[in-house]
Structures are given as C-alpha cells and as structure tokens.
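First up is the structure itself, then whatever we jot down about it.
The values are calculated or read from the model by the stated rules, or taken from the named source; none is laboratory data. This is a predicted model, so every value here is computed, not measured. Cβ sites come from the backbone with ideal geometry, for glycine too, and all protein chains shown count toward neighbours. Remember, those area values only see protein heavy atoms, side chains included, never the ligands or the DNA or RNA. Shrake-Rupley method; radii C 1.70, N 1.55, O 1.52, S 1.80 Å.
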Amino acid sequence: MVSLESHPGILLEKHLLEVAKRISKFCSEIACEPLLKEAALLAALTHDLGKATKYFQDHLKGHKVNPSLSSHTSLSAVISVWNFGAHLPIELRLPLFIAVKSHHSNLLSPSNILAELQSHWCYLVKQMKAIVPNQFLELVKDLGLNPPSFEKLLPDQLKFQIEFSFPAMDVKGPSTYLTTNLLLGMLVDADIRAVSEMAANEERCEIPDNIVDRYVEKLPKNSSIDSLREEFYTTVIGNIKKIALVDRILSITAPTGIGKTLAGFSAALRLRNMVLRETGRLPRIIYVLPFTSIIDQNFDVINKVIKHAGLPKNILLKHHFRASRFKNISGLKAEDVWKLLEEESLLREPDAQKLIKRYEQAYTRVETWDGEIIVTTFVRFYETLFTNHRSEMRRLHRLAGSIVILDEVQNIPPKYWEATEKALKFLAEKWDTRFILMTATRPALLQNARELSEPRKQFFFSTLSRTKLHIESEPMPYTEVDRWLLPKIESARSFMVVMNTIRSAQEVYDALKKELKDFSFYFLSASLIPVHREKRIREIRENIKNSNRVGLVATQVVEAGVDLDFDVVIRDLAPLDSIVQAAGRCNRNYRDKSGGKVFLVSLIDPEHDQRRLATYIYDGVLIQTTEEMFQVIDVLPEKDYLHLVEDYFRKLRIEGRKAQDRNLLVSVNVLRYEELGMFSLIEQKINQVPVFVEVNEKAEKLIKKLQELEMMPIKNYDDRIHRLSIFKLLAPDLWGYMVNVPVEVAADAGLTQLPYASSFLWLPRTHPNFDKIYHKDTGFVRKIEHETIFL
C-alpha cells in the first residue's frame, strides 16, 4: 500500500501532527477556553484528510487530474465537522467548518460556501470512493481521533445543508466572526510553518521592567518642561504598578510633547511582566500608530531603549508597507507560494525548496508579528480585525493575548467606533488582550478605560500654557495670503501652515516663497515621495535646533506624533482633535515662556463657488460639531483644550450613533465576508494609482534592476520564483519613490507602466515635462482639487 503524502516527500500523518503541535503552542499563548483549543486542534488534525484520495495522490505525482477531484478542502471540512466536531456547539462547529474549507482561499459567506458545496457534492461522493477505507481509518486512529464506520463519514447532503444553515443561527456581536478568523489564521500559519519546518514561535525573550527607566535617566535635561515630563512618567508607572489583571483596557491621556511614547512603552513592559508572573504567559507588545510618517520616529525611540539595555535587536519588528525584511530574503506571500507549488507539483524541485527556505522565516516573522515588540500601523491592525483575507488573519492569534498600544487613537474614524469597541472588548474579555489607548485628544471610545495619568491628568493639562488658540471665523480665500497669513508670520522665527488639500498647500507655498526671502521654506504632503518627506523632516528639525528661520507648509501628514516645534502654527478649519494636534507642534518644548500662537482660519476656494477647503476631505458632522464648539470662543488657552475636546467627543458620540458604519457591523455579525474583503480604514473618495518617480540615480538603478527582471528568461517555475524573489527584495526601496496620484492627474501626465510591475506607473527622469509634473519642492503637481481622506 502506497504511503499517503500531504506534500511531495512529506507523509500526511506527520504533516497533520506537526500542524497540530504548532497550533497547540499558539493556543498556549492565548487565554484559550478548552473547547476553542479542541476546535483548533481538530482543524489542524483534519484540514488535509481530503488528501487521502487517489486523485490527490496522483496529482502530487504530476499526473493530470480534474481539479474538482484533486481538491481536498471541501471533503476535509465536511468529514471534520460532521464526524469529529459533532459534539461541539454550533458556535464552534461553523468556524471549524469554514476554517478547514477556506485554508487555501479567501473567505466567503456561509451561504455562498454552502451553495458552492451543494454544486460540488457529487465530486465528494467520487472522492470518497477513491479512498482506501482501511488505510484512511488507520490514519485517523493514529491521529488520536475516533472515526465512525467508513460508510458514515460522508453525511447525507440535505442533512448537512440544514445543519449548517447559518441564517437560522442567533448571532450576537463579533464572537462567531472573530472565532472563525482565529481558527483559520492559526491553521494557515501553522500549516505554512510545518511545511517550511519553522517553529511555532521564535525563541521567546524576557525583557526587564526597568529598561525605559534606565534610558530616561541618561537623557539630557534641557527643556523647561522636563520636570513635568518626569512627574508624568512617574504618575503613569505608579498607576500601572497598582492595576489588577482584570483591568484590560487602559488609557493615557496627556498633552502633546509630554513623553507618552516612553511612558506608554514602559507601562506595557511592566504589564507584560505582571502577566508573566501571574499566568505564566509572556504577552507580546504591539505598538500601533496611525501613519507611516511617524512609524520610523517611534520605532527609533524604542530601538534606542532596546540598544541601551543591551538586548538583542531582533526582538523588535517593524511592519508596514515600506518595512524592509532581511536584505538577503524576499517577501513573497508564503501561503500563495505553497498553494502554487502544491498545485503545480513543483515542491519536488530542490532549488525551489532551497529558495523558499531562504526567505520564508524572515518574511513569516514580520507578517505574523512573531517578535516580542512589534511596531505597526492602524491600517495593518484593522486589516487583521476586519478582513476576508486569510493572509491577514494569520496575525490574529498574535493579537490575542498581547498588550496593544493604540497611539494617537483619535485618528480612528468615528463611524468605526462601535465596531472597534465590540472587537476590542471581545479580545479583552475572551482572549485576554490588553489595550493602552494613548492620545492628547481622547475620543469617546472605550470610555470605561482606566486612566493611567490620574489623578494628575487635569494638572498636566492646566499647568501647561505653551499656546493660545486664536479663532478667526470669517471665511477668506486661501489665495489671499496677504490677508490671512503674512501678518501672522512675518516676525516669527519659525512657523507652520497646515492646509486641507494638496493643491491649496502647493499654491500657498509658492506664494510665500515669493513674499518672504529670509526663510528656509519646506513643503510636506502626500504629493511627495516618502524619501523626500523623511529627508525634509530631518532638515526642519536641524534648522529649528539651530534657531534658523524656518517656514513649513504642509497637509495633515504633520499633525499626529511628528516631533516638530514651531513658534507659530496656522491651521485651516478641521475637526477639533486635528486642530489640537496641530497646536501640539507649536512651542512644544516651552522655549517661548510668553506662549506660542496658534491661529485657526476658515479658508475657501474662490474657483469653486467659495467652497470651504475643509469640506473636500472631512465629514460634515465633524466640521459642524467643531464650529459649534467655537461659537462663543475667540481665544482658547492650552489649559482649556482638554475640557473642550471631551465635550466635542461626547457630542460626536451622540451624533455617531446615527452615523456608524452599519454595513461593517452587519457584515461582522452575519459573516458577510465578501463585503469585509472591501473594508479599508483609509477612505479614498477618488481612484488613485501608485506612481514611481525616478528622481535620482538610486531610483534610476532600481529601474534598471526592474528592466533586467523583465528581460530575464523564464524557462521553468524555478525561474519564476527566483524573479519574484528579486522583485520582492526591491519592493521596500521602490515604495520610497512611490506617490499615490489621482487617476485623472496621472492620465494627464502621460506616464508609462513600470517595468515588470505593470500595475504601477512610472515617471522617468527623461520625461520632457518631468519638472512640471513632479516639482522638487512640492511633489506631484495638482491642478484641481480632489476629495480624499488621510492625505
């Protein structure tokens, strides 16, 4: 009798046991209820039972087989849930069934899965006839399972359809949805790790409580608010020492520039060791930030702490779209590679195996948050929570049981508050995840969170008088800079103007350069490629440090978390929390004891019926609520920001109940996975396309490498894998020269496709109108306004 294989050269029984071993390890890191762990282990032990058919075994040997007969997921799922999961409650049977059925594909809603199953049931009958009964029953027994007689393994089709008719279930909240995603995510991750011979986790590493304390002690004390920062840090750490483990949702609300990053990280470390002492589990710390523009900044702070403590640098991972993997390893999507190799019977190729193992471990570590400390973005965090992509679900079991710092939490759109609360509360209550929400402008989100800056929160806000906000409600054309801008900045040492749209920001920048000759001017927005933005932030900091005259015109990319400090800030009308965040870039280190000046102006577009620029990008409810808050206020000192922000978010909470994204909530509750696959935290009101801007020799060298890739001869699948590997190696550097551009703007520019990566466009250095399309100061030129969020 021929041995059954799961993959070429890998025995089916061994593979299933290896997957189960890894899932057992995953479950040990979560506060996993016994039945949930049992369901997870059943998924591991049964997910490939459908490979026992002669059809699949012939397929592995390279024979041509009808794909409907060699497919294994449907048969595995039916056998699993009908025979071995029958004792489980339906709230676990359905997730078990969907997880096994979907471990090689993105998820569909239960009704669509059942409809597909109904049309393919005849193939399941044929597949059962292509299994050697005694061999199969022996396999199942060796896996520790108790099978019924072989004839009863495949149920009656009608009975099965009725049993799993999802609309008949009474679903409340995200429980079934998140449980399904957890089971599938663990299964996919364990499956990939087993085949590539990776352990369930990197070797874990304890981190001392006091490494931030030691780092803070050696920092130079040269700011007048350093004593306040010390008191704030001491308050937060004193509170974290006193909390009970049942306090899983915490918050740190404090003024900008007071040191929340270090205090929050230190609190998370102490909480992590507290959990370790009490439960024996070692939580990961996942630090989540809203924008890629501040990821590197906070990552560098934490990295300095790790380095100062003498800890291994590989305990800290960074995960966002430009995060480089190890230089000699590429980042192919591993689950897709395995599926392709399995389907095309190419795992027998020794070179293909060697190539995959070269990049698999590093890529898998980053993509699955397999580190002690992970710094990532809101986008990655929400993709882990709300998705139908199994590749994103692989991170969910890392999120479960972790300590999650949500920094600048006010950037979560109000319409997603309810869905966010339900998901986070479930993670906290069921899977022992802990959250620390950090902000200077706390939204009315998870309002019962335990505040770690109390009882001094009010003191920290009231003590600081770094700025005053001056409200100018009269609408003015943004083009008339001599009216609304020049009088405010002519005598300033440094200033920042925050505009709402890229086009208006570019025009204001051009006007200021003509009017003011003794300033070093800078421009920051999403119209610039990332390498230019990062370089300018460094230059601005250096100029301010040297007391040079500096002027910055920017869009919202500078608002949250970017560590810049100006004498004067002018902000176009925006939601209140955005205004306060912009004010946090003024007199941040209290250099001017007389106080920095922040001006709120209301700018209009004279070319478009006097339309307010704020309406191009912000929800009308946010703007209306902000204006209502300022109705009787002309000047607002910093000490009063807190109360106004709290009132603002309370009001928004009331309005938000009318404006919640009900589609997201319903999709979660009834497992409408197709719609969840379209969820995006970054809301684009226009279609945009990524454009590679060839601005320098380094970009030119990247283009040459892409052209070489395109010309590389492809003789076999090994060549395809090798070429894809090289491209993925280049990807992080490529993103440094990418900018998202509205489709109509890109069309007008006459761009070409990027070599090898034809879904991207390319602006070559040799383009006759290069300088008119991409300006070295202001980036991709906008001639019209566009409605978009998160510029």
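Pull out all pairs, ordered by first then second residue, where Cβ-Cβ is under 8 Å, the residues are six or more apart or on different chains, the first lies in region 85-100 and is more than 14 Å from S74 (Cα to Cα), and the second is assigned to a loop (DSSP other than H, G, I, E, B) and open to solvent by less than 10 Å² (accessible area, probe 1.4 Å).
From region 85-100, the pairs are L92/G85; R93/G85; R93/F164.
For region 770-781, which residues satisfy the criterion of being open to solvent by 70 Å² or more (accessible area, probe 1.4 Å) and assigned to a loop (DSSP other than H, G, I, E, B)?
Listed by number, the list holds a single entry, K776.
What residue, among those in region 66-88 that are hydrophobic (A, V, I, L, M, F, W, C) and assigned to a loop (DSSP other than H, G, I, E, B), is surrounded by the most Cβ atoms within 10 Å (Cβ to Cβ)?
Step one: filter region 66-88 for residues hydrophobic (A, V, I, L, M, F, W, C), giving 69, 75, 77-79, 81-82, 84, 86, 88.
Then drop every residue that is not assigned to a loop (DSSP other than H, G, I, E, B), which leaves 86, 88.
On the way: A86: 11, L88: 18.
That would be L88.
Does S24 satisfy the condition of being closer than 30 Å to I403 by Cα and open to solvent by 10 Å² or more (accessible area, probe 1.4 Å)? Before you say what the answer is, go through the steps one by one.
Numbers: closer than 30 Å to I403 by Cα: yes; open to solvent by 10 Å² or more (accessible area, probe 1.4 Å): yes.
Spelling it out, S24 is indeed closer than 30 Å to I403 by Cα and open to solvent by 10 Å² or more (accessible area, probe 1.4 Å).
Of the conditions (1) modelled with pLDDT under 95; (2) surrounded by 23 or more Cβ atoms within 10 Å (Cβ to Cβ), R93 clears all except one; give me its number.
With (1) modelled with pLDDT under 95; (2) surrounded by 23 or more Cβ atoms within 10 Å (Cβ to Cβ) applied to R93, the lone miss is (2).
Which one of L187, L154, L178 is touching a Leu at 6+ places or on another chain (Cβ under 8 Å), modelled with pLDDT of 90 or more and either part of a helix (DSSP H, G or I) or of a type in the set (V, I, T) (or both)? Talk me through it step by step, then tell me what you get.
Values: L187 fails: touching a Leu at 6+ places or on another chain (Cβ under 8 Å); L154 fails: either part of a helix (DSSP H, G or I) or of a type in the set (V, I, T) (or both).
Of L187, L154, L178, the one residue that is touching a Leu at 6+ places or on another chain (Cβ under 8 Å), modelled with pLDDT of 90 or more and either part of a helix (DSSP H, G or I) or of a type in the set (V, I, T) (or both) is L178.
Condition first: within 17 Å of V301 (Cα to Cα) and in a loop (DSSP other than H, G, I, E, B). Now tell me which residues in region 210-241 satisfy that.
N210, L219, P220, K221
Looking at this structure, is A574 part of a helix (DSSP H, G or I) and at pLDDT 90 or above? Walk me through it before giving the result.
Details: part of a helix (DSSP H, G or I): no; at pLDDT 90 or above: yes.
In short, no.
Report yes if some residue within region 32-51 is open to solvent by 10 Å² or more (accessible area, probe 1.4 Å) and in contact with a Lys or Arg (Cβ under 6 Å, 6 or more places away or on another chain); otherwise report no.
Checked against the condition, which is being open to solvent by 10 Å² or more (accessible area, probe 1.4 Å) and in contact with a Lys or Arg (Cβ under 6 Å, 6 or more places away or on another chain), region 32-51 yields no hits at all.
Given the residues S527, S504, S491, which is the only one that is surrounded by fewer than 17 Cβ atoms within 10 Å (Cβ to Cβ) and hydroxyl-bearing (S, T, Y)?
S491
Step by step: first the residues of region 242-279, then only those that are open to solvent by less than 20 Å² (accessible area, probe 1.4 Å) and farther than 19 Å from V301 by Cβ, then the one that is farthest from the chain's Cα centre (by Cα). Which residue is that?
I243
Answer yes or no as to whether H59 is touching a residue at least 12 places away in the same chain (Cβ under 8 Å) and either more than 25 Å from T180 (Cα to Cα) or surrounded by fewer than 16 Cβ atoms within 10 Å (Cβ to Cβ) (or both). Even if it seems obvious, please write down each step before you answer.
Numbers: touching a residue at least 12 places away in the same chain (Cβ under 8 Å): yes; either more than 25 Å from T180 (Cα to Cα) or surrounded by fewer than 16 Cβ atoms within 10 Å (Cβ to Cβ) (or both): yes.
Yes: the conditions hold for H59.
Taking only region 719-761 into account, find how many residues are farther than 14 Å from V781 by Cβ, over 25 Å from the mean Cα position of the chain (by Cα) and charged (D, E, K, R).
3
Filter the strands (runs of 3 or more DSSP E) completely within region 483-569 down to those with at least 1 residues that are among the hydroxyl-bearing types (S, T, Y).
On the way: elements: 494-498, 520-524, 550-554.
Of the strands (runs of 3 or more DSSP E) lying wholly inside region 483-569, those with at least 1 residues that are among the hydroxyl-bearing types (S, T, Y) span 494-498, 520-524.
Considering only residues that are of a type in the set (A, V, I, L, M) and open to solvent by 10 Å² or more (accessible area, probe 1.4 Å), look in region 544-572 and name the one that is nearest to the chain's Cα centre (by Cα).
Of region 544-572, the ones of a type in the set (A, V, I, L, M) are 544, 550, 552-554, 557-558, 560, 562, 564, 568-570.
Retained after the next criterion (residues that are open to solvent by 10 Å² or more (accessible area, probe 1.4 Å)): 544, 557, 568.
On the way: I544: 32, V557: 17, V568: 33 Å.
Checking each candidate, the answer is V557.
Taking region 590-614, which residues are open to solvent by 50 Å² or more (accessible area, probe 1.4 Å) and either closer than 23 Å to D565 by Cα or free of Cβ contacts under 8 Å to residues at least 40 places away in the same chain (or both)?
Listed by number, the residues that qualify are R591, D592, K593, S594, K597, E607, D609, R611.
Looking only at residues in region 45-65 that are basic (K, R) and part of a loop (DSSP other than H, G, I, E, B), which one is modelled with the highest pLDDT?
The initial filter retains those residues of region 45-65 that are basic (K, R), namely 51, 54, 61, 64.
Okay, now just the ones that are also part of a loop (DSSP other than H, G, I, E, B), so 61, 64.
On the way: K61: 88, K64: 91.
The selected residue is K64.
Are there any helices (runs of 4 or more DSSP H) wholly within region 368-471 with 1 or more residues that are modelled with pLDDT of 95 or more and surrounded by 21 or more Cβ atoms within 10 Å (Cβ to Cβ), and if so which? Before you say what the answer is, go through the steps one by one.
On the way: elements: 378-385, 390-393, 396-399, 417-431, 457-463.
Hits in region 368-471: 378-385, 390-393, 396-399, 417-431.
Select from region 209-222 the residues that are touching a helix residue (DSSP H, G or I) at 6+ places or on another chain (Cβ under 8 Å) and more than 26 Å from L424 (Cα to Cα) and write down the one among them that is modelled with the lowest pLDDT. Show your work before the answer.
In the first step, residues of region 209-222 are kept if they are touching a helix residue (DSSP H, G or I) at 6+ places or on another chain (Cβ under 8 Å); the result is 209, 211-216, 218.
Filter once more, keeping what is more than 26 Å from L424 (Cα to Cα): 211-216, 218.
Working: I211: 97, V212: 97, D213: 96, R214: 96, Y215: 96, V216: 95, K218: 91.
Only one residue tops the list, namely K218.
Can you list residue pairs whose Cβ atoms sit under 7 Å apart, with the first residue in region 420-434 being closer than 15 Å to T176 by Cβ and among the basic types (K, R) and the second being at pLDDT below 95 and surrounded by fewer than 21 Cβ atoms within 10 Å (Cβ to Cβ)? Count only pairs 6 or more apart in sequence or on different chains.
Filtered contacts from region 420-434: K422/G173.
To keep it simple, each residue is scored yes or no on (1) out of contact with any helix residue (DSSP H, G or I) (no Cβ under 7 Å at 6 or more places or on another chain); (2) open to solvent by less than 60 Å² (accessible area, probe 1.4 Å); (3) within 26 Å of F291 (Cβ to Cβ); (4) not in a helix (DSSP H, G or I).
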| position | (1), (2), (3), (4) |
| --- | --- |
| I633 | yes, yes, no, yes |
| D640 | yes, yes, no, no |
| Y648 | no, yes, yes, no |
| R653 | yes, yes, yes, no |
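Going through R536, R541 one at a time, which residue ends up being out of contact with any strand residue (DSSP E or B) (no Cβ under 7 Å at 6 or more places or on another chain), surrounded by fewer than 23 Cβ atoms within 10 Å (Cβ to Cβ), charged (D, E, K, R) and without any contact (Cβ under 8 Å) to a residue 24 or more places away in the chain? So that I can check it myself, show each step before the final result.
Details: R536 fails: out of contact with any strand residue (DSSP E or B) (no Cβ under 7 Å at 6 or more places or on another chain).
Answer to the selection: R541.
Regarding L114, is this residue open to solvent by 30 Å² or more (accessible area, probe 1.4 Å) and in contact (Cβ under 8 Å) with a residue 40 or more places away in the chain?
On the way: open to solvent by 30 Å² or more (accessible area, probe 1.4 Å): no; in contact (Cβ under 8 Å) with a residue 40 or more places away in the chain: yes.
Here the answer is no, as L114 does not meet what is asked.
For the subset of region 1-39 comprising residues that are under 28 Å from the mean Cα position of the chain (by Cα) and assigned to a loop (DSSP other than H, G, I, E, B), which member is farthest from R394 (Cα to Cα)?
My answer is E33.
Does K159 count as more than 42 Å from the chain's Cα centre (by Cα) and either of a type in the set (K, R) or outside any helix (DSSP H, G or I) (or both)? Walk me through it before giving the result.
On the way: more than 42 Å from the chain's Cα centre (by Cα): no; either of a type in the set (K, R) or outside any helix (DSSP H, G or I) (or both): yes.
Judged against the criteria, K159 is not a match.
Determine which single condition F692 fails, assuming it passes every other condition in (1) modelled with pLDDT under 90; (2) open to solvent by less than 50 Å² (accessible area, probe 1.4 Å).
Failed condition: (1).
K357 versus (1) part of a helix (DSSP H, G or I); (2) modelled with pLDDT under 90; (3) in contact with a strand residue (DSSP E or B) (Cβ under 9 Å, 6 or more places away or on another chain): which is the lone unmet condition?
(3)
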